[in-house]
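*Asks:* Here it is: the structure, laid out below.
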Amino acid sequence: MPDIRETEVSEWVRQVAKSYGKVVGDINYIFVDDETMLDINRRFIGHDYYTDHIGFDYTEGNALSGDIYISLDTVRTNAELFGVTQDEELRRIIIHGLLHLCGLRDKTDEERTEMQQAEDEALSLQQE
């Protein structure tokens with residue numbers, strides 16, 4: 001399991017949600033391995049490939065709720081690929097999942113650019 005300071009991360013997530021006019025309801029971050037993530041992708045999304053995260057959005061109104069599955073294997077691989085620490089990559093994926101719950105998408109180049117800017121802004125809010 002990752003070494004996460006739950007209270008600090010929870011406050012950070014609430015702060016980012018608030019910046020989008022949202023409040024945090026019930027958000028679960030579930031850490032899994034690549035094989036579990038592949039199984040979830042196959043069973044629920046219809047994709048036959050690995051991903052770093054999958055989110056299930058249960059948001060009602062402005063109260064963000066959902067289950068966000070994060071593959072720690074892929075986080076580790078991506079951290080090496082992008083030349084960042086595992087902790088940095090994990091924080092990026094945590095906030096990426098939240099931003100999806102806030103309504104941001106990343107299917108097009110324009111959406112990916114907007115998502116990356118939003119991630120960078122959110123990451124700058126978190127205190128070490």
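*Asks:* Which residues, counting only those in the range 76-100, are hydrophobic (A, V, I, L, M, F, W, C) and either touching a residue at least 24 places away in the same chain (Cβ under 8 Å) or not in a helix (DSSP H, G or I) (or both)?
*Replies:* Passing the criteria: VAL84, LEU90, ILE93, ILE94, ILE95, LEU98, LEU99.
*Asks:* Quick check on THR36: is it closer than 23 Å to ASP120 by Cβ and not small (Gly, Ala, Ser)?
*Replies:* No: the conditions fail for THR36.
*Asks:* Next question. Between GLN126, GLN117, which is polar (S, T, N, Q) and surrounded by fewer than 16 Cβ atoms within 10 Å (Cβ to Cβ)?
*Replies:* Of GLN126, GLN117, the one residue that is polar (S, T, N, Q) and surrounded by fewer than 16 Cβ atoms within 10 Å (Cβ to Cβ) is GLN117.
*Asks:* Right, here's the next one. Would you point out the residue of the range 37-75, among those that are in a loop (DSSP other than H, G, I, E, B) and in contact (Cβ under 8 Å) with a residue 24 or more places away in the chain, that is nearest to the chain's Cα centre (by Cα)?
*Replies:* My answer is ASP52.
*Asks:* Taking GLY103 and the conditions (1) in contact (Cβ under 8 Å) with a residue 40 or more places away in the chain; (2) in a loop (DSSP other than H, G, I, E, B); (3) in contact with a helix residue (DSSP H, G or I) (Cβ under 6 Å, 6 or more places away or on another chain); (4) not polar (S, T, N, Q), which numbered condition does it fall short on, given that it satisfies the others?
*Replies:* So GLY103 meets the others, but not (3).
Where a number appears in this text, it was derived from the coordinates with a stated rule and is not lab data. Keep in mind that this is a model prediction, so the values were computed, not measured. Cβ atoms come from the backbone with ideal geometry, glycine included; neighbour counts cover every protein chain shown.
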